[in-house]
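Engineer: So that we are looking at the same thing, I have put the structure below in structure tokens.
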Amino acid sequence: MYQWVEQESSIGSYSGDQTHTEMTYSYSQEWREDLVDSRHFDSSHVHANPAQMIISSTLYRAPVVQVGNFFLSDTMIENIMPFKVISTIAPPAGSDGKLHNGYLYYAANPSKPQVGDTRVQFQYAGLTKMSEFGSQDTVSIMARQMKNSFGPYQTTAGDALELLYMGKLSPAEIVRKEHAANQFTLWLLRGAGWLVLFVGFTCMTSFITKLTAWLPLVGTLVSLGVASMNLTLSGTVALIVMALGWLWYRPLAALFMIGVAVMPTIITHMQRQRPHSHTN
């Protein structure tokens, strides 16, 4: 449904030991699948959305899905993707819907929608046989065969494998894809851990920036210095924690990471120990 959407932004300023925050609001019209509640807008009397959706997004799934003579589990069915658009659907008989750019519009003018107008799009994923929408889909499965169905295969490492990939893949290709997915998730968690550390150090040192915020130039320089220090500290701690996790399995990589983590401290210490030359 075409609706008003509110964007909120804030601008902070310091005055002595007090912080002032000014809120600004802007509005745009967008197509949204969920209802945007305009009652909580800053200017709800001007930017008002309908109270309910005329049509809600719904996912329908076949009760039984088979590959050959084998039934697929719910976990495997969820991996059947991507969804493809059905662009040739016709409006229902007696409906005032208009087909435009793959959508079925319920609007006076699909090219110039108004708030409250609705559009519908139909998509599908997974074809079991040749049809008007295309050819039959091929899937590759890595799981435990259980009579005429599949279940999770428990590995010696403690993982449960119940995998389905679109297309024809060899076992080695499936393993490589899973390994790449695990690596992405792992680095994502590491990045989140570093961010938590950075936010923590920033909160711990925020009093330093507040003490000098009232001095225009000095406050800016101090803020940059503190931010740089927090960035270095959070990076150092994050690298050391990651290195401890790798120490048993990849000792050389762990030692390298520890070396990189302590490098700023070593450089700073060497600069302090360097003798200074004096001119008489």
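The values are calculated or read from the model by the stated rules, or taken from the named source; none is laboratory data. No experiment lies behind these values; they were computed from the predicted model shown. Glycine gets a Cβ as well: all are built from the backbone with ideal geometry, and neighbour counts include every protein chain shown. These area figures cover heavy atoms from the full protein model, side chains too; ligands, DNA and RNA do not enter into them. Shrake-Rupley method; radii C 1.70, N 1.55, O 1.52, S 1.80 Å.
Engineer: Compute the Cα gyration tensor for the stretch 22-103, then decide on rounded, prolate or oblate, letting a ≥ b ≥ c be the square roots of its eigenvalues: rounded whenever a/c is under 1.5, prolate when a/b is larger than b/c in the other cases, and oblate in all that remain.
Structural biologist: Prolate, because a/c is 1.5 or more and a/b exceeds b/c.
Engineer: I would also like to ask the following. Kirkwood hydrodynamic radius, computed over distinct alpha-carbon pairs, for the stretch 134-253: how many Å, to one decimal?
Structural biologist: 18.9 Å
Engineer: Accessible area per residue of the chain at 1.4 Å probe, in Å²?
Structural biologist: Roughly 73 Å² per residue, with all protein chains present.
Engineer: Quick one: check the C-alpha center-to-center distance for the stretch 252-271 versus the stretch 76-132, whole angstrom.
Structural biologist: Using only Cα atoms to place each centre, the spacing works out to 57 Å.
Engineer: Continuing with this model, one more query. Using only Cα atoms, find the angle between the long axis of helix 171-204 and the longest principal axis of the chain, and express it within 0 to 90 degrees, rounded to the nearest 10.
Structural biologist: Approximately 40 degrees, to the nearest ten.
Engineer: Please work out the FRET efficiency for the pair Glu22 and Ser223, using the Cβ-Cβ distance as r and a Förster radius of 25 Å; give the result to the nearest 0.05.
Structural biologist: That pair, Glu22 with Ser223, gives E of 0.80.
Engineer: Please report the projected area of the stretch 135-203's Cα convex hull averaged over all directions, in nm².
Structural biologist: Orientation-averaged projected area of the Cα hull: 7.6 nm².
Engineer: Taking every eigenvalue of the Cα gyration tensor of the stretch 15-162, multiplying by 5 and rooting it, what semi-axes result, largest first, whole Å?
Structural biologist: 43, 29, 12
Engineer: Does the chain classify as rounded, prolate or oblate by the C-alpha gyration tensor (a ≥ b ≥ c root eigenvalues; a/c under 1.5 gives rounded; else a/b over b/c gives prolate, otherwise oblate)?
Structural biologist: Numbers: a/c = 3.60, a/b = 1.33, b/c = 2.70.
It comes out oblate by the Cα gyration axes.
Engineer: Based on the Kirkwood radius over alpha-carbon pairs, what is the Stokes-Einstein translational diffusion coefficient of the stretch 65-124 at 10 °C with 1.306 mPa s viscosity, in µm²/s?
Structural biologist: The estimated diffusion coefficient comes to 113 µm²/s.
Engineer: What are the extents of the Cα atoms of the stretch 114-169 along their three principal axes, listed from largest to smallest and rounded to whole Å?
Structural biologist: Projected onto its principal axes, the Cα set of the stretch 114-169 covers 58, 32, 21 Å.
Engineer: With every protein chain present, what accessible area does Val115 have (1.4 Å probe, heavy atoms only), rounded to the nearest 10 Å²?
Structural biologist: So the heavy atoms of Val115 present about 50 Å² to solvent.
Engineer: Helix 251-273: angle to the longest alpha-carbon principal axis of the chain, degrees 0 to 90, nearest 10?
Structural biologist: 30 degrees
Engineer: Residues with beta-carbon under 12 Å from that of Pro50, excluding Pro50: net charge, scoring Lys, Arg +1 and Asp, Glu -1?
Structural biologist: Values: positive: Arg32, Arg39; negative: Asp37, Asp117.
Surrounding charge for Pro50 is 0.
Engineer: Further question: Hull surface divided by four, with the convex hull built on the Cα atoms of the stretch 85-186: how many nm²? If you can, show how the numbers build up before the last one.
Structural biologist: On the way: hull surface 46.7 nm².
Across all orientations, the stretch 85-186 yields a mean hull projection of 11.7 nm².
Engineer: Expressed in nm to one decimal, what extension gain is obtained for the pair Phe83 and Ser206 from 0.36 nm per residue of sequence separation less their Cα-Cα distance?
Structural biologist: Contour length minus the Cα-Cα distance gives 39.5 nm.
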